[in-house]
Amino acid sequence: MAEETGGLMAGIKETVKTVVYALMIAGVFRTIFFQPFWIPSGSMKETLLIGDFLFVNKMAYGYSYASCPSIRIPQLGVDVGADDFCGAFKGADKRLFGSDPERGDVVVFRHPVTGRDFVKRLIGLPGDRVQMRSGNLYLNDVQVPVTDGGLFVEDYGPQGRFGYEPSCSNGVVGEGAVCEKERRIETLPNGVTYSTLNVGERALDNTGVFTVPEDEFFFMGDNRDNSTDSRVAQAARGVGFVPREDLVGRADRVVFSSGGRSMLAVWSWRMDRFFKALN
């Protein structure tokens, strides 16, 4: 009997050790190489759709305190951010193995106010002058070239696990009806081309001039009329300018995508977006 008890305890001990080692390896992998990221909102449509699942390349820009993982499980009351793990490194002057992001990159960063992970497109580099005029983007007082991309069409209704409903340029429509947005193709000075969506005239279609400070960046969502980004001041809980140290990594590719409230809803999987490269 004693031998059986001893064998059982040894088995439990080995199982616990295996789980601990697995968690340690996963933590190192997530901290150094890639971080999973689930798209909860439509601020980056159509580049990123609600329910897209990404692996963020954390090697792209080097490492800072923001490279440390966050663990958030609201159901269990767990809310541990990068500050809790690596707050001692916050405010460091340089990133380890750091490299500069490029204009047009789709970047995941720590929100300077909330500390949550955000994903937006990098528009303004340090020293740039950024402004919106009548819905058109200006960089350093020159309008970014834009062409007509036709219509972006989707079904109106709750989207994703939070049930967000899209805004439509064709007015108020019923659930299941066609929801339209104007698609515009922008080309940045370095040649990066991507689509933006426009619903209609909104407050953020006209802004003052934002001059990006040294070691900070200006981000915008591709779904311009549904994005709280660097156009909104941090005092209003917007993104404002994002310090270099808050960059987490570059989003290069969609790995998986589900249009339903759960990734287990097989019928809602978007097979055409599996392993889709981002631009």
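Of everything in the stretch 133-169 that is aliphatic (A, V, I, L, M) and under 24 Å from Ile123 (Cα atoms), the residue that is surrounded by the fewest Cβ atoms within 10 Å (Cβ to Cβ) is Val142. When Asp252 is tested against (1) touching a residue at least 40 places away in the same chain (Cβ under 8 Å); (2) in contact with a Ser or Thr (Cβ under 9 Å, 6 or more places away or on another chain); (3) acidic (Asp, Glu), exactly one condition is not met: (2).
Per the conditions (1) at pLDDT below 95; (2) at negative phi; (3) outside any strand (DSSP E or B), the sole criterion not satisfied by Pro213 is (1).
When the residues of the stretch 153-168 are filtered to those that are of a type in the set (Phe, Trp, Tyr) and within 21 Å of the chain's Cα centre (by Cα), which remaining residue is nearest to Thr47 (Cα to Cα)?
Among those residues, the one meeting the criterion is Tyr164.
Restricting the first member to the stretch 206-233 and to residues that are free of Cβ contacts under 8 Å to residues at least 40 places away in the same chain, and the second to residues that are among the β-branched types (Val, Ile, Thr), the beta-carbon pairs closer than 7 Å and six or more apart or on different chains are Val232/Val239. Considering the stretch 220-237 alone, what residues qualify as being touching a Gly at 6+ places or on another chain (Cβ under 8 Å) and surrounded by 19 or more Cβ atoms within 10 Å (Cβ to Cβ)? Passing the criteria: Asn223, Arg224, Asp225, Asn226, Ser227, Asp229, Ser230, Arg231.
You will find that of Asp155, Asp117, Asp148, the residue that is touching a His at 6+ places or on another chain (Cβ under 8 Å) and farther than 13 Å from Phe218 by Cα is Asp117 and no other. A single entry from Gly240, Gly208 fulfils the requirement of being part of a loop (DSSP other than H, G, I, E, B), at pLDDT 95 or above and on the phi > 0 side of the Ramachandran plot: Gly240. Taking the stretch 53-110 and the strands (runs of 3 or more DSSP E) fully enclosed by it, the elements with 1 or more residues that are modelled with pLDDT of 70 or more, buried (at least 20 other Cβ atoms within 10 Å of the Cβ) and not aliphatic (A, V, I, L, M) are at 106-110. Among the residues of this structure, Thr207 counts as one that is under 21 Å from Asp128 (Cα atoms) and surrounded by fewer than 19 Cβ atoms within 10 Å (Cβ to Cβ).
So which of Leu247, Leu264 ends up being touching a helix residue (DSSP H, G or I) at 6+ places or on another chain (Cβ under 7 Å) and among the hydrophobic types (A, V, I, L, M, F, W, C)?
Leu247
Screening the stretch 183-198 for residues that are without any contact (Cβ under 8 Å) to a residue 60 or more places away in the chain and buried (at least 19 other Cβ atoms within 10 Å of the Cβ) and picking the one that is nearest to the chain's Cα centre (by Cα) gives Thr196. Scan the stretch 255-279 residue by residue and report those that are without any contact (Cβ under 8 Å) to a residue 60 or more places away in the chain and in a strand (DSSP E or B). If the condition is that a residue be without any contact (Cβ under 8 Å) to a residue 60 or more places away in the chain and in a strand (DSSP E or B), then Trp269, Lys276, Ala277 are the ones that fit. For the stretch 150-194, a residue qualifies if it is among the polar types (S, T, N, Q) and not in a strand (DSSP E or B), and the qualifying residues are Ser167, Ser169, Asn170, Asn190. Just to be sure, is Val146 touching a strand residue (DSSP E or B) at 6+ places or on another chain (Cβ under 9 Å), under 30 Å from Tyr63 (Cα atoms) and touching a residue at least 40 places away in the same chain (Cβ under 8 Å)? When the stated conditions are applied, Val146 does not pass them. Of all residues in the stretch 36-52, those satisfying the criterion of being outside any strand (DSSP E or B) and surrounded by fewer than 19 Cβ atoms within 10 Å (Cβ to Cβ) are Pro40, Glu46.
The values are calculated or read from the model by the stated rules, or taken from the named source; none is laboratory data. Predicted model, so just to flag it, every value in this text is computed and none were measured. Backbone-built Cβ (ideal geometry, glycine too); neighbour counts: all protein chains shown.
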